[in-house]
Amino acid sequence: MDLQGQIIQYLATGLTLGSIYAMVGLGFTIIYNATGIINLAQGEFVMFGGLIMVFFTTTLGLPLFLSFFITLALTTGIGMLYERLFIHHPSKTAPLMTLLIITVAVSIFFRGIAMFIWGKEPYSLPHFSSPEPIIIGGAAILPQVFWILGLSLLAVILMNIFFNRTITGKAMSACAVNRVAASLVGIDVSKMVLLSFALSATLGALAGASITPIALMEYDRGPMLALKGFCAAVLGGLGFGTGAVVAGFLLGLIESFTTGFISSAFKEATALIILILVLFIKPSGIFGSAEVGKIKKI
Amino acid sequence: MLELRGVNASYGNIQALKNVSLTIPPGSMVTIIGANGAGKTTLLKSISGLIQSKTGSITYEGTEISSLPPVKIVSLGISQVPEGRQLFSHLTVIDNLHLGAYLYYSNRTKAEIQKRLEWIYQIFPLLKIRTRQLAGTLSGGEQQMVAIARALMSRPKLLLLDEPSMGLAPMLVAEILRVIKKLNDQGTTILLVEQNARAALQIARYGYVLETGSVAIEGPTADLLSDEKVRHAYLGKQ
Ligand SMILES: Nc1ncnc2c1ncn2[C@@H]1O[C@H](COP(=O)(O)OP(=O)(O)OP(=O)(O)O)[C@@H](O)[C@H]1O
Ligand SMILES: [Mg+2]
């Protein structure tokens, strides 16, 4: 492959990885904004997205798109159940640190369930459309890559419309900024928290279901994804959704190019190295301004 | 319209309200004055449902509301303007006002909300030219106007105001108090908590003096204004 082909190839890989990190990062941001909690079980939503999809397409043999929507719905349900069972009651009295530890416990619990159901081996899924690569500028790109990019772009746009254009979205961000004032205007804060877990889980499921055809999925993929998504969320200036999305794509691209041009040994380390460097130079994140802490915007 | 009977409220071991009883007749303006820490904010929060751990009875238009959550209480027509404004600082003025109407916000009620906004702009003409500004960047006086306007958006029959004059220049204080008086004249029942005791006693009909969580003195404001103890403790010797 010539240099141009290589660059396009790495670009495609980077954008694919990036869109996954972006969605996990956005998922972090949504829950963080509504509750102040860093949900460390975010990666498990992605894992469930992949494996539940496998169950419906491969095990039950349902049509791809039907199982895709069932997967989104079920994972969303898992996210809501998670909030009601493990967050709702403790959050009334427990400090944030306790809630953070609950999310760690839940992530281990989810992994346990997944291992019990699916075992330890990785699973694959059929591609959403043809598995034949398309040759673009000397690089071979799988159509699935366009599915992943398209779906995540769609999700990001929908989230943006939700938070900036609808009253419910604004009410949710209002809860994050001022809970007391939110309940005084009649916003049901507990419902908004539930909704934030639901949305985060949907995003995770979307990422998981769309990436499994090319990246496979197994029960313990969550923590690594959560780590990358967390890096994206923090780099984007924690609490700033668009920042998390842009940072997610940057991370994906950097990871892909360092793997391609330097060494795959750095693959997992790049995100962390960048995170440490950025936090060292600009603790509020690349896109975080001093005000982001105070004036949060999604 | 609103009636408190023997209300107690506490934060952990600290009892902030002790056996408080008060009555707010429909259409009236009642004021509560008292020193820092007397329990004024606690009293308003107990009414609006922000404080759940309380005993005693709170009835509003004949129904017991002491165990209802804030969302229910707003929907019944009681709206609180919290101490220190508490705006959604990251949102624009118009978004803050729309969220004030959150409980009945829908496509069907667009016209109604617009009418309500026009009415608000008549009361606070300044807000009309600030609709697109972020609430967090407004001046203190403007923020207080938005806080009151946001509470009015829910169409309250009873408005609870917690120190609306706090931190404002004398001219703005007069302006805000004039608006409160006007709202009352137009039919909104008002419970006004103020540190600025003289001003509060001048515009309200009936007043309560709260001391360390209980009602120390109550009466028509004309009587309170001439009461020796009140003059001495809250109005400054003259
Ligand atoms: N969240 C809280 N936790 C514990 N104690 C509290 C809390 N809020 C208020 N208190 C205590 O309850 C008492 C009454 O407080 P409250 O805020 O009702 O007073 P206030 O009359 O509104 O005072 P101010 O004029 O300063 O606003 C005070 O002693 C205060 O320290
Ligand atoms: Mg107070």
query = Each residue of region A:269-286 in order: what ³J(HN,Hα) in whole Hz does its phi give by Karplus 6.51 cos²θ - 1.76 cosθ + 1.60, θ = phi - 60°, with x for Gly and Pro?
reply = 7, 3, 4, 5, 4, 4, 4, 5, 4, 5, 5, 5, 7, 9, x, 7, x, 4
request  = Could you rank A:MET47, A:MET97, B:MET1 by how accessible they are, 1.4 Å probe, largest area first?
outcome  = A:MET97, B:MET1, A:MET47
ask   = Once both labels are modelled 7 Å past Cα along the beta-carbon direction, what's the B:SER139-A:LEU60 spacing in nm?
value = 6.3
task = Could you order B:LYS157, A:LYS170 by accessible surface area, starting with the largest, using a probe radius of 1.4 Å?
result = B:LYS157, A:LYS170
query = Sorted by accessible area with a 1.4 angstrom probe, largest first, how do B:TRP119, A:TRP118, A:TRP147 fall?
reply = A:TRP147, B:TRP119, A:TRP118
task = With a point put 7 Å past each Cα toward its Cβ, work out how far B:SER21 is from B:ARG205 in nm, to one decimal.
result = 2.0
key: Estimated 222 nm signal from helices in chain B, with DSSP H stretches of n ≥ 4 weighted -39500 (n - 2.57), rounded to 500   = -10500 deg cm²/dmol
note = Result for interface chain A to chain B, accessible surface buried in total, 1.4 Å probe, Å² to 100, stands at 1900
request  = Amide H neighbours of B:MET29 under 5 Å, at least 5 residues apart or on other chains, H built in the peptide plane: list them.
outcome  = B:ILE190, B:ARG205, B:TYR206
ask   = Under the rule of -39500 (n - 2.57) per DSSP H run of 4 or more residues, summed and divided by the residues of chain A, what mean residue ellipticity at 222 nm is obtained, to the nearest 500 deg cm²/dmol?
value = -23500 deg cm²/dmol
key: Where Cα atoms sit under 12 Å apart: lysine pairs in chain B separated by 8 or more or lying on different chains   = 4
Region A:220-233 - phi-based ³J(HN,Hα) in whole Hz, Karplus 6.51/-1.76/1.60, Gly and Pro as x = 10, 7, x, x, 5, 5, 4, 4, 5, x, 5, 4, 4, 4
key: Positions from region A:152-172 whose accessible area shrinks by 40 Å² or more when the full protein complex is built, not the chain alone, probe 1.4 Å   = A:ILE167, A:LYS170
request  = Can you figure out the FRET efficiency of A:MET224 with A:HIS127, using R₀ = 22 Å and their beta-carbon distance, to the nearest 0.05?
outcome  = 0.45
Using a Förster distance of 60 Å, the FRET efficiency for B:SER75-B:LYS229 (Cβ separation, nearest 0.05) = 0.90
request  = Could you grab the relative contact order for chain A? Cα pairs under 8 Å, six or more apart, rounded to a whole percent.
outcome  = 37
remark   = By the mean-Cβ-within-10 Å protection proxy, highest first, B:54-66, A:257-269 rank as B:54-66, A:257-269
message = Rounding to the nearest 10 and keeping the result within 0 to 90°, find how far the Cα-based axis of helix B:170-185 lies from the longest principal axis of chain B.
response = 90
task = Taking a cut-off of 14 Å between Cα atoms, list the aspartates and glutamates near A:LYS191, but don't count ones fewer than 8 places away on the same chain.
result = A:GLU83
remark   = The set of residues whose placed amide H lies less than 5 Å from the amide H of A:ILE136, leaving out same-chain residues fewer than 5 positions away, is A:ILE141
ask   = Evaluated at 10 °C with a viscosity of 1.306 mPa s, what Stokes-Einstein diffusion coefficient in µm²/s does region A:3-281 have when Rh comes from the Kirkwood expression over alpha-carbon pairs?
value = 83
task = List, in order, the whole-Hz ³J(HN,Hα) value for each residue of region B:147-154 obtained from phi through the Karplus relation with A = 6.51, B = -1.76, C = 1.60 and θ = phi - 60°; use x for Gly and Pro.
result = 4, 5, 4, 4, 5, 6, 4, 7
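Kindly report the accessible area of the protein assembly as shown per residue (heavy atoms of protein chains, probe 1.4 Å, no ligands, DNA or RNA), in Å².
I get 42 Å² per residue for the protein assembly as shown.
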message = I want the antiparallel fraction of DSSP beta bridges within the protein assembly as shown, as a percent rounded to 5.
response = 60
message = Residues of region B:56-99 that become at least 50 Å² less accessible with every protein chain present than in their own chain isolated, using 1.4 Å: which are they?
response = B:VAL71, B:PHE88, B:HIS90, B:LEU99
request  = Per residue of B:129-138, count partner chain C-beta atoms within 10 Å of its C-beta, then hand back the mean as an integer.
outcome  = 1
note = Counting only protein heavy atoms with a 1.4 Å probe and every protein chain in place, the carbon and sulfur fraction of the accessible surface of region B:101-238 in whole percent equals 51
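The values are calculated or read from the model by the stated rules, or taken from the named source; none is laboratory data. Computed from a predicted model, the values in this text were never measured in an experiment. For neighbour counting, all protein chains shown are included, and Cβ atoms are generated from backbone atoms with ideal geometry for every residue, glycine included. Keep in mind that these areas ignore ligands, DNA and RNA; they rest on the heavy atoms of the full protein, side chains included. Shrake-Rupley method; radii C 1.70, N 1.55, O 1.52, S 1.80 Å.
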